[in-house]
Structure formats: structure tokens, C-alpha cells
Amino acid sequence: DAGVTQSPTHLIKTRGQQVTLRCSPKSGHDTVSWYQQALGQGPQFIFQYYEEEERQRGNFPDRFSGHQFPNYSSELNVNALLLGDSALYLCASSPGRNAYEQYFGPGTRLTVT
Amino acid sequence: AQSVAQPEDQVNVAEGNPLTVKCTYSVSGNPYLFWYVQYPNRGLQFLLKYITGDNLVKGSYGFEAEFNKSQTSFHLKKPSALVSDSALYFCAVRANYGGSQGNLIFGKGTKLSVKP
């Protein structure tokens, strides 16, 4: 049973560019949440997708957007990259919006130069 | 405000000794609390959760946590530490309201170092 997978593993971008990160949830899970983990910090909630719609959103600017596909996989898009966007981006899946446990993927390390 | 505090940036213990990693929380209503562990260059692995019931929760790899409502704490414990327990530990609470409702609010993490 495959867990949560994310791609790519690492990514280097330049300020001002755009980036897309991808996530496939654990089998049987229909809800995907995205978190940003800056160096030395705990993860911070970005947004959650369920039934192909953004359902919840943390305190992140509109430069951060996402999408969920019919197969429940998800993308995180960040426009106009800033140096401060450098972080580990974690995807978590759960079996329903109100499930207690979230299962995390290995993350994508984004470096903005 | 909803928040989690982990007062120790690092905890050092000798192998075989008991360990405690501290966590306090602030949330309205009944708290749903979690502990996750992160190894280098890895995502977060779920250790245990408190939803309701017994205040002592047992989880993976011999870890347990004690929920104390009056002290708003949820400390992680293990009777006998292993070198392989060395990692970054995160405490989290489920947000009860606001834009993050239903998702996790994490502490800053505590680095556990277990020496042979």
C-alpha cells in the first residue's frame, strides 16, 4: 500500500519564477492538505482540498494556489517566488475532511535563489 | 488564539534513560493532540494522538504521552531511550476554528539527541 508520494524531491528556482509541486495521497484518502516548513520551524498549514475544491486556507498570500484532480491527487502552485518561499513543502492526506489523522509525504525541498 | 509551545529546542538523554519532550497547547474546547517525528530529509511520521478517553496514550515505537487538561500539556515520554530515537519531534493540535479549522497547528519542534 503506497503512502503519500510527492514530486519532485528537490527543486531550485529563481526569484520571480513560478513552481508547481505534486502530491498523490495515500490509497483510500480523498482529502489533501499542504504545509510549508521553513528551516528550523514547525510546519504551517497552507490549504486543504476536498472534492476538488479549496475548503480551508491558512494565512498565506494568493501567490499560493492549488488544485485537486478527480483521482484526488493535488498540485501546489506558487507564483512570483520570493527568497522567503524557500522551505520544505509537505503534503498530507486523510480519509475525509474531518478525519483526525493526517499522513504526510516526504516533502519537496524548494530553494529560491 | 490557537497555538502549541515546545519550550525546549533540544533534549539530550543517555541511552537507556527515560525521556520526556514537553508540549503545552492553547485551544478552545476539547483539544485533539498529536505527536509526529521527523528524521533527516524525511516527512513527518505519526506517533500517537489524544482525542478522548484515557489521559495516558500509547503510540508507536514504545512512546507514550500524558494529557493533562489543567496544565494544558501533552508531554511525550519513553521509559528507555534508544540511539535510534534521535530525531526532531513535533507536537500539534487540531485547529477548532478559523481558516485552519480541522488542520494541524504545530510547535517549533524539539530535537532529541540520545547518546550511547
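No value in this document is a laboratory result; all are computed from the given coordinates. Bear in mind the structure is a predicted one, so any value in this text is a computation, not a measurement. Reconstructed Cβ throughout: ideal geometry from the backbone, glycine too, with neighbour counts over all protein chains shown.
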Q.
If B:ASN103 satisfies all but one of (1) over 13 Å from the mean Cα position of the chain (by Cα); (2) touching a residue at least 24 places away in the same chain (Cβ under 8 Å), what's the number of the condition it fails?
A. (2)
Q. Does A:TYR103 fit the bill of being under 20 Å from B:PHE46 (Cβ atoms), more than 14 Å from chain B (Cβ to nearest Cβ) and among the aromatic types (Phe, Trp, Tyr)?
A. no
(Q) Suppose we filter the range B:25-57 for residues that are away from chain A (no Cβ under 11 Å) and among the hydroxyl-bearing types (Ser, Thr, Tyr); how many remain? (A) 3
Q) Of all residues in the range B:34-76, how many are farther than 17 Å from A:TYR35 by Cα, of a type in the set (Val, Ile, Thr) and part of a strand (DSSP E or B)? A) 1
Q) When residues of the range A:82-100 are filtered for being closer than 14 Å to B:ASN41 by Cβ and within 7 Å of another protein chain (Cβ to nearest Cβ), how many remain? A) 1
Q) Among the residues of the range A:38-54, is any among the acidic types (Asp, Glu), surrounded by fewer than 21 Cβ atoms within 10 Å (Cβ to Cβ) and part of a strand (DSSP E or B)? A) yes
(Q) Consider the range A:1-47. How many of its residues are closer than 13 Å to A:PHE104 by Cβ and of a type in the set (Asp, Glu)? (A) 0
